[in-house]
Every structure is written in structure tokens, then in C-alpha cells.
């Protein structure tokens, strides 16, 4: 009997094996990215609702002392509404797995953090909560690895 040529198989196996300096892909990386996308969608919906409330009913917010970044609440309403829609859209593109979604997600989460920092005098607890959520989202998007996600997805397809 002849022995089949295994040179092609060893080369393809070597191509599938990650280099020694890379850690093996982790499922938590993909889960963290999915969680960040869902959190972005929720934060976007909450920001949009906050903006709609500011547009509809200015008297719902407590006016504190004058702040250097003071805007009319209608202006804040439009800012939060537009940012909320942007954050939710970035979360949807992030869940779809596009690199564009990660880059836009980081940028729009940073803008949302800035807007909520400036909104602290009007609604301090909610603004600080959204800032903390955005810090987590940015961290989750920065640690996400496309190579690890692709390798984990390929491994799950081959075993399942």
C-alpha cells in the first residue's frame, strides 16, 4: 500500500495553528464584544429618550447653579437625541461584526462620555452612570481581537 502524501496536510495544519506569540482565542472576547454592542444599543435608546424628554418637557430637570458649559435644555435634548441614535446604530454595526462598527463605536462612546460629562449639572447620577458604561464599552471594544474571534468561530464550526 502506498502512503498518502501528507506534505499538503502539514502545511495547511501549520497555517491554521496560531503563532507561538499569540494566545489562543478566547470565547469571552467575543462575548465581551457582543455585550458591548448590546450595551451600546441600550445606552443609545436611553440617551435618545433623555433627549426626547429634554425636548418635550424642560421643567423635568432640576436647574442647578450656573455651569460654564450651560446650554438651553432644548440644545441638550437635540445633542442627546442625535448621540443616542448614533450610539444605537454603532451598537448594531458592532453586533454585525464589522471593524467599522468597532472604530465608530469607540469614537461615538467617547463623544457620549463628553456630552454626559457636560450634562452632569442637570442630571448628575444618570450622567455618571452613562460615563461609566461608556468606559466599559470602550474597554471592551479595544480588547476585542478579530483574529481571535475568527479562530474561535472557525473552531466552533468545525466541532459543531
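Read-outs: derived from the displayed coordinates by stated rules, not from any lab. These figures come from a predicted structure and were not determined experimentally. Note: ideal-geometry Cβ built from the backbone for every residue, glycine included; neighbour counts use all protein chains shown.
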Practice problem: Set the Förster radius R0 to 41 Å, insert the Cβ-Cβ distance between residue 55 and residue 143 as r into 1/(1 + (r/R0)^6), and round the FRET efficiency to 0.05. | Solution: 0.70
Self-check item: Packing rank of 38-45, 94-101, where each peptide gets the mean count of other beta carbons within 10 Å, highest leading
Solution: 38-45, 94-101
Quiz prompt | Most to least packed among 81-91, 132-142, 118-128 [average Cβ atoms within 10 Å] | solution = 81-91, 132-142, 118-128
